[in-house]
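S.K.: Mind having a look at this structure? Questions to follow.
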Amino acid sequence: MSRIPATFERLRAQGRTALIPFVTAGDPEPRVTVPLMHAMVASGADLIELGVPFSDPIADGPVIQRATERALLHRVSLRRVLDMVRLFRETDRDTPVVLMGYLNPIEVMGYTPFAAQARAAGVDGALVVDVPPEEGHDLVAALRGEGLDLVYLVAPTSTEERISRIGAVASGFVYYVSVKGVTGAGHLDVMEVARRLTPIRARVGLPLGVGFGIKDAPTAAAVARVADAVIVGSAIVGRMEQLAGAPEAIPGAVAEFLLSLRRAIDGVRGQGARGAPTSGPPSLAAEPQSAPAPPACPPSLGAKPESAPAPPACPPSLAAKPESAPAPPAGPPSLAAKPESAPAPPAGPPSLAAKPESAPAPPACPPSLAAKS
C-alpha cells in the first residue's frame, strides 16, 4: 500500500507543505545513494524522488543528464535501484519513495514483474515521463494491482481536456512543471504558477507538487504558498556534481541545503491560503518579520569619548547606545535580524579619533540619514 496519500494527509493536518527532493540513483557512485536518502529525510524531506538512470533522458536538462551518465558508468540498472530502495527500507519504513524515469527499463522488465518487485522493495509509486495518459492503462493497472501510485506531469501548455484526462488516471499526487522546457531550465514565475494551479485543482482531486526551476530557499518559500509540495532536483544534483570527487561529503552538503529549504517552507505556514500568494516575486518571499537594521552613521559621527561634547542628534534609530549594545549582524541590512536596541555606530577613521574636551561638535547627519516615517 502506497505511503503517499497518508503522508499528504498528515502534512495537510499540520498545515505544512511537502518537500520532495530528487536525486539520481547511483550518482556519483552507488554507495552514496542510500546514506544520501537517509540524510535528506533527516533534513526535512517528506518524500523522495529517486531517478532511474536511462541512456536517453529526454525530459532532463544538462545537470541531470550528466548525473545519469555518471550512474550508468557504474552500471546502475532498474534492478539495482530497487536494491537500493530495499536497503533504505531496512531502517526507514515511513518515507514514501517514488521512482522517476522512463518507460523502456520498465518494459524490459515487464509491467507486472516491475510492479511486484517495486512493491516488495518498498517503492510507493512511479513517475514515468514518457507514458501519456492515453497509453498508460496497462501500467496503471499493474501498479494499482500492487497498491502503487502512478504520478503524472502537467505542463503549462496542458489543455483543460488533457488535465481532466490526467486527473482521471493519476494517483498519489500530480507534478506541475512550472516552466516550459527541461529540468533546470527557465525562470520561475510564481504568480503565473498560482494562476495555472487554480484550474488544475478544479479538475484534479490530488495534491499538487510544483517542480522545475526551484533553485533556492526564497523560491521554495514562494512556491510553498501556492502548492502542496515543493519539488527540487537540479539544484541538488548540481551540488552533488561539484562534490563528485569527494562523495563522502555529499550527504552532509545536500542535507545542509535541504535544511535551508525546509526552514523557508515552514516559515510561510499560516501566511495565506494556497492558491492565493500573499507575497511578491520569489526574490522577495519569506523575509524576516522584523524590520531591517538601519545603516550606521558616517565616520564623521563616530563614537566620542564620554567627556566629549554631545554629538548632534542622529535619527532615533541611529542614536548612540550604551556600550553593552550588541554588535550589528554580519549579513546584509535587508536580511539582518534587528536587535532590540540599535548597534553603536562604527568608529571613524584615524583623523576622527578621540578629541580633547575642547573639540568642536561634529557636523550634523546629512539629509540622506534623516529620520524616516
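Here, each number is a calculation from the coordinates, and none is a lab measurement. Model, not experiment: these values are computed from the prediction. Note: ideal-geometry Cβ built from the backbone for every residue, glycine included; neighbour counts use all protein chains shown.
S.K.: Any idea how far apart Arg31 and Ser164 come out in nm if each label point goes 7 Å out from Cα toward Cβ?
M.R.: In this crude label model, Arg31 to Ser164 measures out at 5.5 nm.
S.K.: Could the peptides 222-234, 69-81, 93-105 be put in order, highest first, of the mean number of other beta-carbon atoms found within 10 Å of their residues? The partial results should precede the final answer.
M.R.: Numbers: 222-234: 26.2, 69-81: 18.0, 93-105: 20.0.
Answer by packing, highest mean first, reads 222-234, 93-105, 69-81.
S.K.: Can you divide the C-alpha Rg of region 4-284 by 2.2 N^0.38 Å and report the result to two decimal places?
M.R.: On the way: Rg = 17.3 Å, N = 281, 2.2 N^0.38 = 18.7 Å.
So region 4-284 has a normalised radius of gyration of 0.93.
S.K.: Exactly which GluC sites (Glu not before Pro) in region 84-187 are in a DSSP loop and have at most 14 other Cβ atoms within 10 Å?
M.R.: Numbers: sites: Glu90, Glu107, Glu134, Glu135, Glu146, Glu160, Glu161; in loops: Glu90, Glu146.
Counting only loop positions with at most 14 other Cβ atoms within 10 Å, the GluC sites (Glu not before Pro) in region 84-187 are Glu90.
S.K.: Could you work out Rg/(2.2 N^0.38 Å) for region 46-110, with Rg from alpha carbons only?
M.R.: On the way: Rg = 12.4 Å, N = 65, 2.2 N^0.38 = 10.7 Å.
In units of the globular-protein estimate, region 46-110 measures up at 1.15.
S.K.: Can you put Thr17, Thr7 in order, fewest other beta carbons within 10 Å first? Could you put the intermediate results ahead of the total?
M.R.: Numbers: Thr17 28, Thr7 22.
Taking fewest neighbouring Cβ atoms as first place, the list is Thr7, Thr17.
S.K.: Stretched out fully, how many nm does the piece from Gln242 to Thr112 gain, at 0.36 nm a residue minus the Cα gap? Can you show the working numbers first?
M.R.: On the way: separation 130, 0.36 × 130 = 46.80 nm, distance 3.84 nm.
This chain segment gains 43.0 nm when fully extended.
S.K.: How charged is the neighbourhood of Arg31? Take every other residue with its Cβ under 14 Å from the Cβ of Arg31, and add Lys/Arg as +1 and Asp/Glu as -1. Working shown, then result.
M.R.: Numbers: positive: Arg70, Arg75, Arg80; negative: Asp27, Glu29, Asp83, Glu248.
Residues near Arg31 contribute -1 overall.
S.K.: Can you give me the P(r) profile for region 16-65? Cα pairs, bins 10 angstrom wide beginning at 0, each as a whole percent.
M.R.: Bins of 10 Å from zero give 24, 49, 26, 2 percent of pairs.
S.K.: Within a Cβ distance under 15 Å of Ile166, other residues only, what is the Lys/Arg minus Asp/Glu net charge? Spell out each step's value before the answer.
M.R.: Working: positive: Arg162, Arg165, Arg196, Arg201, Arg203; negative: Asp130, Glu134, Glu135, Asp149, Glu160, Glu161.
With Lys, Arg at +1 and Asp, Glu at -1, the net is -1.
S.K.: Skipping prolines and chain starts, which residues have an amide H placed within reach, meaning under 5 Å, of the one on Leu19, given they are 5 or more residues away or on another chain?
M.R.: Placed amide hydrogens put Asp46, Leu47, Val230 under 5 Å from Leu19.
S.K.: Going by average Cβ neighbours within 10 Å, how do the peptides 192-201, 58-67 rank, with the highest at the top? Spell out each step's value before the answer.
M.R.: Numbers: 192-201: 16.9, 58-67: 19.5.
With the highest mean Cβ count within 10 Å placed first, the list reads 58-67, 192-201.
S.K.: Give me the compactness ratio for region 57-191, meaning the Cα radius of gyration over 2.2 N^0.38 Å.
M.R.: Numbers: Rg = 15.5 Å, N = 135, 2.2 N^0.38 = 14.2 Å.
That ratio works out to 1.09.
S.K.: Okay, next question. What length, rounded to one decimal in nm, is gained on full extension from Glu134 through to Glu256, with 0.36 nm per residue of separation minus their alpha-carbon distance? Could the numbers behind the result be given before it?
M.R.: Details: separation 122, 0.36 × 122 = 43.92 nm, distance 4.09 nm.
Result for the pair: 39.8 nm of gain on full extension.
S.K.: Points 7 angstrom from Cα along the Cβ direction at Arg144 and Arg93: gap in nanometres?
M.R.: 2.8
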